[in-house]
Amino acid sequence: VTTSSKGYSIFRDTIADMTWPAVEAAALAGEPLLIPIGVIEQHGLQLPLATDVYGAHVWSSLVKAELAKNGLPCQIAPPFYFGMTTSTAMFPGSVNVKPESMVAILTDILESYASWGFRRQFIINHHGDAHHLGAIVRVIELLRDQNISATYVLCGLRRDALDRGYQTTFAKPFPLTEAEVLNVLDSETTAAARERLTRSPHLDVHAGEGETSLIMRWAPDTLPTDVDHTLIEPAPESPRQFAEATPQGRWREISPLGHIGDPARASVENGDLYLFEAADIARAIAETLPFGPHRPACC
Ligand SMILES: [Zn+2]
């Protein structure tokens, strides 16, 4: 038996590591299905291309564990990882597909899950490109026509980013209902952890303190051994420089290494944010399930 030198699998805890009868039983029991979505995209000098895929997978795994603690079983689909990386396309490592390609394949995949019985799906996405978001919204709209209930879980993003993404990509009014976009409220613990991350005067948009902490905490085997993140200078110089450069495709000029943020401030401890966020996501999902949030039988 040969194993990878890196001890990490994005199939861990997903249906891809199950047998078909186990999948059939879960689907027919009406269990919700979490759909982790990321992209393969440059993430600076210090992080793997799959950073967003790991982020979505980590959230999903932690949400599954949290729901299980409350007696609510769910399953996780194998992470989906080809999408649009418009703003980092000038770097090798950023895979770009057309919006219509992503819509077609993702719709086909989610329809496939639904045909086995998974008709309640929650999208856990870790990538903020406008076209990528637009494509996901379109997929949810198409699935609705087939009676498949897919919900976008707002982790780490605001609802208006989805709206803008859809309008940028398809030039039509935002089609999703309130119920199709799940708001996730921060607990006090999450808010405090987020506060720790936002003390840097620099933006934390991409491969900065947040994502570097994510990988240090949850997928450390994938970190390059020859890079010391504490020696990386923050970039760009100002939020304004970022705002001006991005629409013109000049990201690589304002940050030649590829990060938008301050990776030197990352820590394993800051990666715990994902744990806290997952508890909030699980609570939000549980409240939408037909049998409602779990309450202990005793009280
Ligand atoms: Zn990312």
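FYI, it's all coordinate maths here, none of it is from the lab. Everything numeric in this text was worked out from a predicted model, so none of it was measured. As a convention, Cβ positions derive from the backbone with ideal geometry for all residues, glycine included, and neighbour counts pool all protein chains shown.
Before moving on, here are some points about what is shown:
- Approximating the spin labels as points 7 Å out from Cα along Cα→Cβ, the residue 90-to-residue 164 distance works out to 2.0 nm.
- Rounded tilt (10° steps) of 130-144 against the dominant C-alpha axis of the chain: 10
- When the Cα convex hull of the chain is projected onto planes of every orientation, the mean area is 17.0 nm².
- A dipole drawn for the chain from +1 and -1 charges on Cβ atoms has a positive end, and of 175, 274, 154 the residue lying farthest that way is 175.
- Amide H to amide H, with H built 1.01 Å from N, residue 125 comes under 5 Å of 37, 153, 155, counting only residues 5 or more places away or on other chains.
- Tilt relative to the chain, helix 188-197 - C-alpha long axis, 0 to 90 degrees, to 10: 20
- For the chain, the share of DSSP beta bridges that are antiparallel, to the nearest 5, is 10%.
- Stokes-Einstein D for the range 159-257, Kirkwood Rh over Cα pairs, 4 °C, 1.567 mPa s (µm²/s): 77
- Applying a DSSP loop filter and a limit of 12 other Cβ atoms within 10 Å to the GluC sites (Glu not before Pro) in the range 200-266 leaves 237.
- Taking 0.36 nm per residue of separation and subtracting the Cα-Cα distance, full extension of the segment from residue 198 to residue 115 would add 25.6 nm.
- Scanning the chain for trypsin sites (Lys or Arg not before Pro) lying in DSSP loops with no more than 12 further Cβ atoms inside 10 Å, the longest uninterrupted stretch between such sites is 13-157.
- Between helix 273-288 and the chain: long-axis angle, C-alpha atoms, 0 to 90°, nearest 10: 30
- Global form of the range 37-154, assessed from the alpha-carbon gyration tensor, a/c cut-off 1.5: oblate
- Prolate/oblate/rounded label for the range 27-78 (Cα gyration tensor, a/c 1.5): oblate
- About the Cα centre, charge dipole magnitude for the chain (Lys/Arg +1, Asp/Glu -1 at Cβ), debye: 380
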